[in-house]
Amino acid sequence: MTESFSHRYCAAILVQAAAPLKIGTGEVGLTVDELVATDANGLPMIPGTALCGVLRHSLARTSKGERINDLFGFQENDDEKTGSKIQENDKRFGSRIIVTDARMVGEEGQVIDGLHVIEFSSVFYSKFKNLTVRDHCRINERGVADSDNRGKFDSQVVYKGARFVFEIELIGDEKDKEKWQILFEHLNSRFFQIGGGTRKGFGELQLIKVAETVYNLSSVDDRDAYLNKSSRLTVPNTNDAIRKIDSTEIEGGTFYKLSLKPDDYFIFSSGYGDKEVDDVAKKEIVIDWVSHKDTLVERPRFSKEKCLIPATSLKGAISHRTAFYFNKLLPIYADQLPAGKCAGDYSGENNLAVKALFGCAKNSREGSESGQRGRILISDVYIEDIKEKIFNHVAIDRFTGGAIDGALFDEKVTNTSSNITLMIIVENEAFNGDDKIQQTLEAALKDITTGMLPLGGKTMRGHGCFRGTVTKNGEVI
């Protein structure tokens, strides 16, 4: 039986990358391990399938399955595994949600929709010819690079501040108004993050403008307007401010905020040097939007390089310290391990607290355990006001006490007088009623604010100690 839907809920949405985006293609490049998705013009894009999939998953976490099936469709076929044809009594329903690809807003403040001749030699578009590359290195239980298990890899990311426009449509009737609003609540949630590495600081989108239109096809005027609606994407023409909805307003989450000041110098290394030193801090440029004097149209411009504190670096340090405190509560000590056990059996994914908070990979060899993505969100931090200092080093021969030939090296470390704010959001499912998990996470966060857990590189040389406070849902702990 075919239902007749009288309404079309349509919205053109302008979103901004509140964090770098990593919408992967699954392909490997010549110089990087992971490439981002691009359109026919060679510019970054967000596929509609990615937006639709994340939206469906987000809605599934907070609502009954009936609502998901009603909006996104479903198919129940008992004989699917046997390969038989669909029978008449099989239950199936097509999706009522239509999502377009999200196209990038270009240098002139307009959407680059369709085929265009892009001047990649220009100051703005040249930055998209060679996107920023993020380096990653998996750390083992000994706190060193996990080179044995191919722990070194890198990936392209789209700049923080990049803007995209897409359209979403709901086919329904007058009763679907509430469901339409629920969709927007999830699009506007802090938990709505897209692409790869969403638990490493990537993928957060911020709604900037939304232009909504509801067409009642029972009306001749609305029906004509809907039929004549252009499929070309344009920036929504509205000045309505969109407020970012906190996750507590949908289903609840625990918010931790760390306000820190460095004791002295710190360095989150880029892995390479410059003309002056052998090792420099990681820096990135972001996109800022400025209103044009004459047209008032916002146009993008790239900022100066900012010092970056990657969420991946914070995640690794917090994960290891959480495992330490959880083992201490059990208690499990490194010098009193059970027979046949090693430290690796109680760290990383083998540690219950780390597994609950930071997730685990599926064990495909055994096939007995399913994977679980992380339930903790940590944001990148960009610092504009920094001071730099060069430290010179020389390796010492332990036998002679003199300098080793060719072992002179130097590094450029950073400091700032600005307050550094770290935002951490934990999904409620992570604690699962276990006070030990929450207790050990908070102990690790407190260690950061007392200087007991240094952050960044060269921590054995006195760098990376911070002081400050940590709040939980607005209250100091």
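Some observations on this one:
- Of all the listed residues (Lys160, Lys177, Lys200), the sole one being among the basic types (Lys, Arg) and over 22 Å from the mean Cα position of the chain (by Cα) is Lys177.
Listed here are the residues, each with its yes/no results for (1) in a strand (DSSP E or B); (2) closer than 23 Å to Asn351 by Cβ; (3) free of Cβ contacts under 8 Å to residues at least 24 places away in the same chain.
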residue: Ile437; (1), (2), (3): no, yes, no
residue: Glu442; (1), (2), (3): no, yes, no
residue: Asp447; (1), (2), (3): no, yes, no
residue: Leu455; (1), (2), (3): no, yes, no
residue: His463; (1), (2), (3): no, no, no
residue: Thr471; (1), (2), (3): yes, no, no
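- In region 162-169, the condition of being in contact with a strand residue (DSSP E or B) (Cβ under 6 Å, 6 or more places away or on another chain) and modelled with pLDDT under 90 is met by no residue.
- If you go through region 172-211 and keep only what is part of a helix (DSSP H, G or I) and of a type in the set (Lys, Arg), you end up with Lys175, Lys177, Lys179.
- Within region 252-280, tally of residues that are in a strand (DSSP E or B) and farther than 23 Å from Ile424 by Cα: 1
- Sole residue being at pLDDT below 85 and under 28 Å from Gly203 (Cβ atoms), chosen from Ser364, Ser303: Ser364
- Qualifying residue in region 168-184 (condition: acidic (Asp, Glu) and in contact with a Leu (Cβ under 8 Å, 6 or more places away or on another chain)): yes
- Where a residue in region 340-352 is closer than 16 Å to Gly374 by Cα and its partner, wherever it lies, is modelled with pLDDT of 80 or more and among the β-branched types (Val, Ile, Thr), with Cβ under 8 Å and at least six apart: Ser347/Val354; Gly348/Val354; Asn351/Thr322; Leu352/Ile437
- Filter result for Gly253 (touching a Phe, Trp or Tyr at 6+ places or on another chain (Cβ under 9 Å) and either in the same structural domain as Val133 (by TED's automatic domain parsing) or at pLDDT below 85 (or both)): yes
- Within region 89-110, tally of residues that are touching a Phe, Trp or Tyr at 6+ places or on another chain (Cβ under 8 Å) and either part of a strand (DSSP E or B) or farther than 18 Å from Glu298 by Cα (or both): 13
- Val214 vs. criteria more than 23 Å from Glu34 (Cβ to Cβ), in contact (Cβ under 8 Å) with a residue 60 or more places away in the chain and assigned to a strand (DSSP E or B): yes
- Scanning region 410-429 for residues that are more than 29 Å from Arg61 (Cα to Cα) and of a type in the set (Asp, Glu), we see that the one that is nearest to the chain's Cα centre (by Cα) is Glu411.
- The one condition from (1) surrounded by 14 or more Cβ atoms within 10 Å (Cβ to Cβ); (2) modelled with pLDDT under 90 that Lys81 does not meet is (1).
- Lone qualifier among Gly433, Gly406 - being more than 24 Å from the chain's Cα centre (by Cα) and assigned to a loop (DSSP other than H, G, I, E, B): Gly433
- Extreme residue, nearest to Leu445 (Cα to Cα), among residues of region 317-350 that are hydroxyl-bearing (Ser, Thr, Tyr) and surrounded by 14 or more Cβ atoms within 10 Å (Cβ to Cβ): Thr322
The values are calculated or read from the model by the stated rules, or taken from the named source; none is laboratory data. What you see is a predicted model; the values in this text were computed from it and never measured. Here Cβ is always computed from backbone atoms with ideal geometry, including for glycine, and neighbour counts include all displayed protein chains.
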